[in-house]
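Here's the structure we're looking at; comments come further down.
The values are calculated or read from the model by the stated rules, or taken from the named source; none is laboratory data. Worth saying up front: this structure is predicted, and the values here are computed from it rather than measured. Reconstructed Cβ throughout: ideal geometry from the backbone, glycine too, with neighbour counts over all protein chains shown. Note: accessible area is taken over every heavy atom of the protein model, side chains too, but ligands, DNA and RNA are not part of it. Shrake-Rupley method; radii C 1.70, N 1.55, O 1.52, S 1.80 Å.
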Amino acid sequence: MTDEVTICECFARDGLQHEPSFVPTATKVALLEGFVRAGFTRVEATSYSHPERVPAFADASDVLASLGRRPGVAFKATCPNPRAVTRALADLDRGAGAQELSLLVSASESHTERNLRTTRAAQWERIAEMIRLADKRFRLIGVVSVAFGCPFEGAVDPGRVAEDVARFADLGADAVTLGDTTGVATPKSVAALFERLGRELPGLPLIAHFHNSRGAGIANAVAALDAGCRHFDSAMGGVGGHPASIGYGAGLTGNVCTEDLVDLFHAMGVRTGLDPDALAESSAACEKALGRPLHSMVARAGFARTQGESRR
């Protein structure tokens, strides 16, 4: 293996928010424990979204309490507003909270209004308050949604995205995620944006978060890798997208499939630290939990064992 990346498994949050039926807490915890056994060191576990807004995460505190602390593993929770950070702090004080928090902005006004029910200016005020409240007790991950295009406004100015990333860095974010929320990115646009940010903000970890709505997710991940990105989000079975109650985006709006991304990276000689056998077990468990076949090609064809990697 000649290179190394870190993949954050997002099935339990970005994946499940798209599901119309509530997945039992015990099932979520069992899946998350399986992800840890597979070797993930970063796992998106839940969201502190308002339970009435996103019912899938009404059990956020219970999930985190059941997981407890796992040496070498950072569980992440999404926080859309200051009240969410307050909940995260309360769980942390009880000894069972997340180690990372995702803080969200959208690169367009229309998506901000639809997804966060506010304006961009107001959301940035919230972000500053959230970072103040967090008080360096978490690793903070800034997230720029619709970074490559908005379902309501179309093209997004890369300069605006670069400004958002720089603003997160100035406020103290430890890393920033670029989200292709509805899968409109191309390898060309991905390479251009990651290369630009690498020049303008050297040393800031950037996380590639691609949705596979138009089948370009894996190609975009490789473009990000070639542009210097070494941190990726993905979800088992390619599930996920916007919350089930929000109607935008067409087709399969899910994330890049973890199984497929890992298999390709291993075949390219890129280390992930993940065990293909345990990953296959998790893949099957996710399909069982949702009661249907999911979208991973590797789940059907099997991992390329000659190029596989054992966890070390």
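Kindly evaluate Leu133 against the criterion of being within 24 Å of Val256 (Cα to Cα) and either acidic (Asp, Glu) or not in a strand (DSSP E or B) (or both). Considered against the rule, which asks whether it is within 24 Å of Val256 (Cα to Cα) and either acidic (Asp, Glu) or not in a strand (DSSP E or B) (or both), Leu133 comes out as no. For beta carbons closer than 7 Å, sequence separation of 6+ or different chains, a first residue in segment 262-285 that is in a strand (DSSP E or B) and a second that is modelled with pLDDT under 95 and buried (at least 17 other Cβ atoms within 10 Å of the Cβ), the qualifying pairs are Arg271/Glu309. Only one entry of Val184, Val190 meets the criterion of being assigned to a loop (DSSP other than H, G, I, E, B), closer than 22 Å to Gly254 by Cβ and out of contact with any strand residue (DSSP E or B) (no Cβ under 7 Å at 6 or more places or on another chain), and that entry is Val184.
With respect to the conditions (1) open to solvent by less than 50 Å² (accessible area, probe 1.4 Å); (2) modelled with pLDDT of 95 or more; (3) not hydrophobic (A, V, I, L, M, F, W, C), Ser110 falls short on a single one, namely (2). With respect to the stated conditions, Cys79 is farther than 17 Å from Leu274 by Cβ and open to solvent by less than 10 Å² (accessible area, probe 1.4 Å).
Inspection of segment 10-21 identifies no residue that is crowded, with 23+ Cβ neighbours inside 10 Å, in a strand (DSSP E or B) and not hydrophobic (A, V, I, L, M, F, W, C). The residue list Gly215, Gly241 contains one member that is of a type outside the set (Ser, Thr, Tyr), surrounded by fewer than 21 Cβ atoms within 10 Å (Cβ to Cβ), in a loop (DSSP other than H, G, I, E, B) and at positive phi, which is Gly215.
All of (1) farther than 23 Å from Phe232 by Cα; (2) in a helix (DSSP H, G or I); (3) open to solvent by 10 Å² or more (accessible area, probe 1.4 Å); (4) not small (Gly, Ala, Ser) hold for Gln123 with one exception: (3).
The residue pairs whose first member lies in segment 188-200 and is modelled with pLDDT of 95 or more, whose second member is buried (at least 16 other Cβ atoms within 10 Å of the Cβ) and among the aromatic types (Phe, Trp, Tyr), and whose beta carbons are closer than 9 Å, counting only pairs six or more residues apart or on different chains, are Ser189/Phe148; Val190/Phe148; Val190/Phe210; Leu193/Phe148. A search for C-beta distances below 6 Å between a residue of segment 137-149 that is closer than 16 Å to Ala185 by Cα and open to solvent by less than 10 Å² (accessible area, probe 1.4 Å) and any residue that is hydroxyl-bearing (Ser, Thr, Tyr) and not in a loop (DSSP other than H, G, I, E, B), counting only pairs 6+ apart in sequence or on different chains, returns Val146/Ser106. Determine whether segment 187-205 contains at least one residue that is of a type in the set (Gly, Ala, Ser), crowded, with 19+ Cβ neighbours inside 10 Å and under 26 Å from Ala77 (Cβ atoms). Looking through segment 187-205, none of the residues is of a type in the set (Gly, Ala, Ser), crowded, with 19+ Cβ neighbours inside 10 Å and under 26 Å from Ala77 (Cβ atoms).
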